[in-house]
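FYI, it's all coordinate maths here, none of it is from the lab. Note that the structure is predicted; figures quoted are calculated from it, not measured. Methodologically, a virtual Cβ is constructed for each residue, glycine included, from the backbone with ideal geometry; neighbour enumeration extends over all protein chains shown.
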Amino acid sequence: MDENSTILIIDDDKAVRSSLGLLLKQAGFRSMSAEGPEEALRIAEAHPPDLFVMDMNFSLATSGEEGLRLLADLKSSFPDKPVILITAWGSVPLAVEGMKLGAADFITKPWNNDRFLQSVRTALSLSRGDERTDDRICDRGRLDELYDFENIIGADSGLLTILETAGRVSATDAAVLIMGESGTGKELIAEAIHSNSARRNGPFVKVNLGGIPPSLFESEMFGHKKGAFTGATHDRTGRFDLSDGGTIFLDEIGDLDSSSQVKLLRVLQDRSFEVLGTSQTKTVDFRLISATNRNLEEMVADGRFREDLYYRINLISLKLPPLRERRDDISTLAGYFVENLKAIYRRSELSVTPQAVNWLADLPWAGNVRELKNLVERTVLVAGHDTLDVGDFQTQLQPSLKPTDAAGLPAVGTITIEEMEESMIKKALEFHGSNISKVARSLGLSRAALYRRLEKYGISI
């Protein structure tokens, strides 16, 4: 409970210490305060707090070195106690350095009271969960008793670890980043976190960022008033507004351009934004869950993804295992899909032979669970009988767009590289129903690069 938690506020500004102390008291917390590093360490040794809130600059210093040293000392002496950093917006890179040293979160001045208290409660809740890490639940039956994971099928040990963490963090408002290949079920995990949270009765707003052009980002996410720009013929409610009181799920967050990343970071920090065409600031209460099939750490290193945004969305990270690493779950998943299709198509006698199950388990599954689901449904629709065997699935298996060995390449001189590329793009468009985002991902291209090739080869969609 909040009233059992003590927070040590470390700031050389008396007004800040008083303001935060009053805010925490009104929220039911106990607080102590310290003016600088030496006093903070002395108080903490005598009366260890449950959480530290500390400024990054002391005595008018701007380098932050003293703050970083204090943070390192706190994490060394009190490794299990969370630290929340406070810094000016212009010093966000300093806060990012603090996150690398183990800080739980950072808040910029002037802070939003609700956002600050939300960060405090989340950090405390997660730290209590970390104290119980030896009690991990590795049994699917026990997990299902505690949480609602009805739509997530499987009992692979790697999956169970993900579900245990998802269940535990669902009780908090922590920002979660879900990573994994396309088709591994990132959206299902996001929905499960929402449905097991205190926000379950609020909205769950899904946004595919890969499908929003940079020029429309503000309109889509923040909304606009009629006449705000050419073509704005009516008012539009933005996605953040729609998510108020619930959860917003930002899929394909690695596809955001640099300009949109800055705009998103501002909203995540302040939980506020301006609707296009107005000067009024709107404040919203949402929980953030993001997902990507890209390596964001590499993108940060290459300068393609903002480091401060990465740490803002990545308080908790979940990496979903690909289906090829969950071989034992393939038969369970295939059976689950068949059972669903029995009801949908009214074919109560549908079944899969053991030989077919073994054959399915040996496939590479580049498309993961989504590919398995599509294969099963295609086979059920096309097969003229109810007992599905290896041959039925082989007939419906989609050929890979990439050759797996030299024998799969065309004969020398029969086709050029450009002709091969054009053919691959056409096959990808057909397979993915001309969904540009999916086609680009399957070919390892950006959307812009794919559009250039479509124009080059005169391919219309």
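Remarks
- Distance between the 7 Å Cα→Cβ label points at N113 and T353: 7.1 nm.
- Straight-distance crosslink candidates among aspartates and glutamates, where the alpha carbon sits under 15 Å from K226 and sequence neighbours closer than 8 are dropped: E218, D235, E274
- Residues with amide H under 5 Å from that of L318, placed H, sequence gap 5 or more: L177, I178, M179
- 5 angstrom amide H check on G246, placed H, neighbours 5+ away: R287
- Anchor K109: lysines whose Cα lies under 22 Å away (excluding residues fewer than 8 positions away in-chain): K14, K25, K100, K263, K282
- Sorting 111-120, 224-233 by their mean Cβ neighbour count within 10 Å, with the most densely packed peptide first, gives 111-120, 224-233.
- Cα-based helix-to-principal-axis angle, 417-431 vs the chain, degrees rounded to 10: 80 degrees
- Inter-site label distance for S460 and I43 at 7 Å from Cα along Cβ, in nm: 7.1 nm
- Each Cα pair under 8 Å and six or more residues apart adds its sequence gap; the mean of these over the residue count of the stretch 254-325 is a relative contact order of 32 percent.
- Rounded to 10°, Cα long-axis angle of helix 157-169 versus longest principal axis of the chain: 40 degrees
- The angle separating the long axis of helix 14-26 from the principal Cα axis of greatest extent in the chain is about 60 degrees.
- Karplus 3J(HN,Hα) series, Hz, for the stretch 28-43 with 6.51 cos²θ - 1.76 cosθ + 1.60 (x for Gly, Pro): x, 9, 9, 9, 10, 9, 9, 7, x, x, 4, 5, 4, 5, 5, 5
- Exposure proxy ranking for I43, I193, I7, based on other Cβ atoms within 10 angstrom of each Cβ and starting from the fewest, stands as I43, I7, I193.
- When each of the peptides 320-332, 164-176 is scored by how many other beta carbons lie within 10 Å of its residues on average, the order from highest to lowest is 164-176, 320-332.
- Whole-Hz ³J(HN,Hα) from phi, Karplus 6.51 cos²θ - 1.76 cosθ + 1.60, for the stretch 179-187, glycine and proline x: 10, x, 5, 4, x, 8, x, 4, 5
- Take every Cα pair under 8 Å whose residues are at least 6 apart in sequence, average their separation, divide by the length of the chain, and the relative contact order is 11 percent.
- With θ taken as phi - 60° and the Karplus curve 6.51 cos²θ - 1.76 cosθ + 1.60 applied, the whole-hertz 3J(HN,Hα) list for the stretch 342-358 is 4, 6, 5, 9, 6, 10, 5, 9, 4, 7, 10, 5, x, 5, 5, 4, 4 Hz, x standing for glycine and proline.
- Amide proton proximity set for I107, modelled H, under 5 Å, gap of 5+: L85, I86, T87
- Helix-only [θ]222 nm of the chain, DSSP H runs n ≥ 4, -39500 (n - 2.57) each, per residue, nearest 500: -14000 deg cm²/dmol
- Protection proxy ranking, peptides 282-293, 76-87, average beta carbon neighbours within 10 Å, highest first: 282-293, 76-87
- Among (i) 56; (ii) 70; (iii) 63, the entry derived from the coordinates for percent of Cα pairs over 27 Å apart: (iii)
- Potential extension, R128-S215 segment - 0.36 nm per residue separation minus Cα distance: 27.0 nm
- With neighbour counts taken as other beta-carbon atoms within 10 Å, the residues I248, I152 rank, fewest first, as I152, I248.
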